[in-house]
Each structure stands twice: as C-alpha cells, then as structure tokens.
Amino acid sequence: MFTSEDELTIRKNLNEIRERINNAAVRSGRNPEDILLVAVSKTVGAEAIETVIKEKVLNFGENRVQELVQKYDIFNERCNWHLIGRLQTNKVKYIVDKVTMIHSLDRLGLADEIQKRAQACNRIVDTLIQVNVSGEKTKAGISPEEVHDFVRKVSLYPNIKVKGLMTIAPYTEDPENVRWIFRRLRNISVDIEGENIDNIDMQYLSMGMSHDFEVAIEEGANIVRIGSSIFGERQYT
Ligand SMILES: *Cc1c(COP(=O)(O)O)cnc(C)c1O
C-alpha cells in the first residue's frame, strides 16, 4: 500500500537528487537546466509515479516493454516514456508509437525493425546508441571501436533519428572508478559530432544512475537515469 509517508519520502528524495544534480552541473560549469532527469520507474507503482509527476518530473524510464505499455496506458500524454533496457526485436511494435526515446539501440537488426515499424506509423523515432564502454561481457552495447561504423549505417534509416549515446557503467563502491567510462563516451560523442554525418546529432549523453550520476554530469552527461535514489530500493515480485 502506498501511504502519505511514502509520498513524503519520494518528494524528499527527489528534492535531494535535484539539488545534487544542480550542484554537479554548477561544479562543472554547466547550466542545471540543461540536464534532463529521467526517473527510472521500473517496478514502481502508479501512485509513486503520480507523486513525481506532481513535482514536475515528466520523463520516466522503463526497461521492460510490457511495463512501459501498461504505464503509458495509465498516464498517456501526461508524461514521456523512455525505453532504457534491452529491446527485443519482436516487441518494437508495441512501443514504437509510445516512446519519446529509445536509449538502447545496439544492433542493426533492431534498427531494421524500428525503421519498419516507425515508417508504418509515419513517425521518426529518437534513439540513443548504447555503447559498451566498460567491455563487460554481460552488458549490451556496441563496442567503442565499432560505434563510428554503426552510426554511419544507422544514419541511412529515414525514420530513425540518432540523438546521442548512452552507456551503463558497472556498479562500484567508489564512482571515481568509473569516471573514465563517462569521459570515454563523451570523447566518442565529440569525435562523431566532428564527422558531421547527415541525420546524426550528438545532442545527448545518457549516462549516470543513482550511485554515479554526479561523476557522469561532471564528465558531460545531460540525461541521467535515476531510480532507486528517488523511489527507494526496488521490490521485485
Ligand atoms: C535500473 C536502471 C537505471 C536506474 O538505476 P538506479 O541505480 O536505480 O538509479 C538506469 N539505467 C538503466 C539502463 C537501468 O536499467
């Protein structure tokens, strides 16, 4: 059950996160307003999401298609939905007309399907290319060596708009250990921007989660994906 105490906790968490985002932005000479908070609402119920909407956070991240669709049906156009997790090709059709952005474009087969489904509903889908900077075998993403080539290929898909890059850093006690990952992604993005490829825009760097978002912002993140620090530890059922 969602209580008024839960609501207070979420509001307090959110205020703290906003303050930390602002401070990290200012520390690195950036405008806090340029940093988009995506509240990661996977496993989180509608009342908790409603609380955050009331606080004027209007962007939510989900990693499962079915959950995204359910929540989309509840909240509709009141907020924006970001698909941040691994996307199976056969599920693209369920979300192509619902998502604001897909953060996890990581293979050409997926691009083919997004293209096909986006064209069918006459939409251009904003995407980020997921890069596996850390090189961990368990993580999805294009390797840093292959990303230039991949970007050039995706640039030819008329119904896909590449708006930047995304990465997930491994969990570590001390986020300083993963600073290099964020810096590397930023450098890759600057290199790609410099190539001036048609239909490719390196506007966004989606990097940083609850335990490492400040370091990510210092290294240039302008989208941070934060879940547990807002909603509390996830309860998987
Ligand atoms: C769950 C998740 C997050 C948020 O993680 P927290 O540690 O709860 O902030 C961010 N990005 C992706 C891709 C996720 O799956």
Q. Of all residues in region 178-195, how many are under 14 Å from MET166 (Cα atoms) and without any contact (Cβ under 8 Å) to a residue 12 or more places away in the chain?
A. 1
Q: Filter region 214-228 for residues that are surrounded by fewer than 24 Cβ atoms within 10 Å (Cβ to Cβ) and within 26 Å of GLY45 (Cα to Cα) and give the result.
A: ILE226, GLY227, SER228
Q.
Given the options ALA24, ALA46, ALA39, name the one that is over 15 Å from ASN222 (Cα atoms) and small (Gly, Ala, Ser).
A. ALA46
Q.
Here is a check on your reading of the model: is THR9 in contact (Cβ under 8 Å) with a residue 24 or more places away in the chain and away from the ligand (no atom under 14 Å from the Cβ)?
A. yes
(Q) Being more than 20 Å from LEU108 (Cβ to Cβ) and either in contact with a strand residue (DSSP E or B) (Cβ under 9 Å, 6 or more places away or on another chain) or surrounded by fewer than 16 Cβ atoms within 10 Å (Cβ to Cβ) (or both) is the filter here; which residues of region 138-182 pass it? (A) THR138, ILE168, PRO170, TYR171, THR172, GLU173, ASP174, GLU176, ASN177, TRP180, PHE182
Q. Take the residues of region 197-207 that are more than 12 Å from the ligand (Cβ to nearest atom) and assigned to a loop (DSSP other than H, G, I, E, B): which is surrounded by the most Cβ atoms within 10 Å (Cβ to Cβ)?
A. ILE197
Q: Could you identify the single residue in PHE182, PHE150 that is outside any loop (DSSP other than H, G, I, E, B), under 15 Å from the mean Cα position of the chain (by Cα) and not β-branched (Val, Ile, Thr)?
A: PHE182
Q) Mind checking which residues of region 157-196 are more than 27 Å from VAL96 (Cβ to Cβ) and within 14 Å of the ligand (Cβ to nearest atom)? A) ALA169, PRO170, TYR171, THR172, GLU173, PRO175, VAL178, ILE181, PHE182
(Q) I need every pair where a residue in region 196-209 that is farther than 17 Å from PHE150 by Cβ has its Cβ under 7 Å from the Cβ of a residue that is outside any strand (DSSP E or B), sequence separation at least 6 or different chains. (A) MET207/THR167; MET207/PHE182; MET207/LEU185; MET207/ALA216; MET207/ALA221; GLY208/ALA216; GLY208/ILE217; GLY208/ALA221
Q) Regarding ARG225, is this residue within 13 Å of the ligand (Cβ to nearest atom) and at pLDDT below 95? A) no
Q: Please enumerate the residues belonging to region 1-20 that are buried (at least 17 other Cβ atoms within 10 Å of the Cβ) and either touching a Gly at 6+ places or on another chain (Cβ under 9 Å) or modelled with pLDDT under 95 (or both).
A: ILE10, ASN13
Q: Evaluate region 208-217: report whether one residue or more is in a loop (DSSP other than H, G, I, E, B), away from the ligand (no atom under 16 Å from the Cβ) and either at pLDDT 95 or above or not aliphatic (A, V, I, L, M) (or both).
A: no
Q. Is region 57-67 home to any residue that is in contact with a His (Cβ under 8 Å, 6 or more places away or on another chain) and free of Cβ contacts under 8 Å to residues at least 40 places away in the same chain?
A. yes
**Q.** Matching helices (runs of 4 or more DSSP H) fully within region 24-128 where at least 2 residues are within 16 Å of the ligand (Cβ to nearest atom) and surrounded by 19 or more Cβ atoms within 10 Å (Cβ to Cβ)
**A.** 46-54, 65-75
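The values are calculated or read from the model by the stated rules, or taken from the named source; none is laboratory data. This is a predicted model, so every value here is computed, not measured. No Cβ is skipped: glycine too gets one built from the backbone with ideal geometry, and neighbour counts run over all protein chains shown.
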